[in-house]
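> Pasting in a structure now, in structure tokens, and then I'll have a few things to ask.
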Amino acid sequence: MAAHYIGIDIGGTNIKAARTTHVGAIVSAASATTPTTSLDDLVATVTKLVETLRGSTAIQGVGVGIPGLLTAATRTVQTSPNIPCLKGVHLEGLLLTALSLPVVTENDANAAAYGEWISGAGRGRQHMVYLTLGTGLGCGLVIAGKLYRGISGYAGEMGHTVVEPDGRTCGCGSRGCLETRVSATGIVLTAREHGIGDPSLSASSLYQAAVSGDSGALSVFQETGRFLGIACANLINLLNPEVIVIGGGVMASGELLLTSAREEVRRRAFGPSAADCPIVQSQLWPDAGTIGGAMLARDAS
Ligand SMILES: [Zn+2]
């Protein structure tokens, strides 16, 4: 029987899991609520998801995306702001024991980037930047045909590069980070600054208002897209990438953001470099993370 892999995408709210073929096609999927305060519950939940998907098929390996800083040398989770029980934990080892299967862990944005690179919008490219716009802003880099992790495993924190020196306070302790502007949270803050005061405001309700022609909501997305464009122009001038792929929940507003982002890129990036780098939507969203996890497991074995 052909080899199958399981990819797990641990989020602050839900854990998604998928069994895939050798080339990353999803065969079956499952999900569960994320236990954030009990490590035992978290390991038990992942184990149960793997058992559910395992069926009678031979599983060659499991790849797990974790939202946080993962130290490359020790495979330890340094910090995971939304899942406190993971701090200082060697999840890879715990799951290896619980599952009796090969397990590989990776930063969640890196795992999603890997998925998009293997079988999505970055397929066949040597140099790809992946940005994921959700509650925060995640980033994964593929450089010269390899996932780029930096010296410690912490590379790609594009969300915490500064776009406004005295800007909004960020969860990381700095100010004016990109994700304080370009994320679901940032979009809501921008809307409030624009005087949109609806208490049930969310990035998706604003998107609905923008597509139905609300000029206030539209200008919020244009302003957000402008900051996204500044970030893309910086990436293009720094890395001369072949493609920038953008995924994440906020990309329901896809072209609305991308149109203003591309305009800003035209204003700021070197023309020849920008011309070589299309900015496109993710092809795998919302499955980039699970597919990427499965493919990391495949390529680690
Ligand atoms: Zn920050």
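> Would you check which residues across the range 95-146 are without any contact (Cβ under 8 Å) to a residue 12 or more places away in the chain and within 16 Å of the chain's Cα centre (by Cα) and list them? First the steps, then the outcome.
Kept after step one, since they are without any contact (Cβ under 8 Å) to a residue 12 or more places away in the chain, are these residues of the range 95-146: 96-97, 100, 123-124, 146.
Result: no residue meets the conditions.
> Quick one: I246 ticks every box in (1) touching a strand residue (DSSP E or B) at 6+ places or on another chain (Cβ under 8 Å); (2) within 20 Å of G195 (Cβ to Cβ) except a single one, so which number is it?
(2)
> So which pairs qualify, if the first residue must be in the range 246-260 and part of a helix (DSSP H, G or I) and hydroxyl-bearing (S, T, Y), the second must be open to solvent by less than 10 Å² (accessible area, probe 1.4 Å) and modelled with pLDDT of 90 or more, the Cβ gap must be under 7 Å, and the two must be at least 6 apart or on different chains?
S253/F221; T259/G225; S260/G225; S260/G229
> In the range 244-270, what count of residues is obtained for those that are over 22 Å from the mean Cα position of the chain (by Cα) and among the small types (G, A, S)? Write out each step before concluding.
Here is the first cut: in the range 244-270, the ones over 22 Å from the mean Cα position of the chain (by Cα) are 263-264, 266-270.
Filter once more, keeping what is among the small types (G, A, S): 269.
Residues flagged as over 22 Å from the mean Cα position of the chain (by Cα) and among the small types (G, A, S) within the range 244-270 amount to 1.
> In this structure, does L131 turn out to be in contact with a strand residue (DSSP E or B) (Cβ under 7 Å, 6 or more places away or on another chain), buried (at least 18 other Cβ atoms within 10 Å of the Cβ), at pLDDT 95 or above and under 20 Å from I230 (Cβ atoms)? Give the derivation first.
Numbers: in contact with a strand residue (DSSP E or B) (Cβ under 7 Å, 6 or more places away or on another chain): yes; buried (at least 18 other Cβ atoms within 10 Å of the Cβ): yes; at pLDDT 95 or above: yes; under 20 Å from I230 (Cβ atoms): yes.
So L131 passes the test.
> Considering C172, C177, C139, which residue is within 16 Å of the ligand (Cβ to nearest atom) and open to solvent by 20 Å² or more (accessible area, probe 1.4 Å)? Break it down into steps so the answer makes sense when it comes.
On the way: C177 fails: open to solvent by 20 Å² or more (accessible area, probe 1.4 Å); C139 fails: open to solvent by 20 Å² or more (accessible area, probe 1.4 Å).
Within the list C172, C177, C139, the selection yields C172.
> Do any strands (runs of 3 or more DSSP E) entirely within the range 2-79 hold 2 or more residues that are more than 20 Å from G292 (Cβ to Cβ), and if so, which?
Details: elements: 4-10, 14-20, 26-33, 59-66, 77-79.
Answer list for the range 2-79: 77-79.
> Taking D108, is it open to solvent by 30 Å² or more (accessible area, probe 1.4 Å), within 16 Å of the ligand (Cβ to nearest atom), more than 21 Å from L238 (Cβ to Cβ) and not polar (S, T, N, Q)? Break it down into steps so the answer makes sense when it comes.
Numbers: open to solvent by 30 Å² or more (accessible area, probe 1.4 Å): yes; within 16 Å of the ligand (Cβ to nearest atom): no; more than 21 Å from L238 (Cβ to Cβ): yes; not polar (S, T, N, Q): yes.
No: the conditions fail for D108.
> So S273 clears everything in (1) open to solvent by 10 Å² or more (accessible area, probe 1.4 Å); (2) modelled with pLDDT of 95 or more; (3) under 18 Å from the mean Cα position of the chain (by Cα) except one condition, right? Which one?
Every condition holds for S273 apart from (3).
> Conditions: (1) within 12 Å of the chain's Cα centre (by Cα); (2) more than 12 Å from the ligand (Cβ to nearest atom). G150 meets all but one. Number of the miss?
G150 satisfies every listed condition except (1).
> Quick one: which of A217, A144 is at negative phi, away from the ligand (no atom under 16 Å from the Cβ) and among the hydrophobic types (A, V, I, L, M, F, W, C)?
Numbers: A144 fails: at negative phi.
Answer to the check: A217.
> Out of E242, E223, I need the residue that is touching a residue at least 24 places away in the same chain (Cβ under 8 Å), among the charged types (D, E, K, R) and either open to solvent by less than 10 Å² (accessible area, probe 1.4 Å) or over 17 Å from G122 (Cα atoms) (or both). Which one? Break it down into steps so the answer makes sense when it comes.
Values: E242 fails: either open to solvent by less than 10 Å² (accessible area, probe 1.4 Å) or over 17 Å from G122 (Cα atoms) (or both).
Testing whether each residue is touching a residue at least 24 places away in the same chain (Cβ under 8 Å), among the charged types (D, E, K, R) and either open to solvent by less than 10 Å² (accessible area, probe 1.4 Å) or over 17 Å from G122 (Cα atoms) (or both) leaves just E223.
The values are calculated or read from the model by the stated rules, or taken from the named source; none is laboratory data. Just so we're clear, the structure is a prediction, and the values are computed from it rather than from any experiment. Counting neighbours? That spans all protein chains shown, and the Cβs are built from the backbone with ideal geometry, glycine included. Heads up: the accessible areas ignore ligands, DNA and RNA and are worked out on the full protein's heavy atoms, side chains in. Shrake-Rupley method; radii C 1.70, N 1.55, O 1.52, S 1.80 Å.
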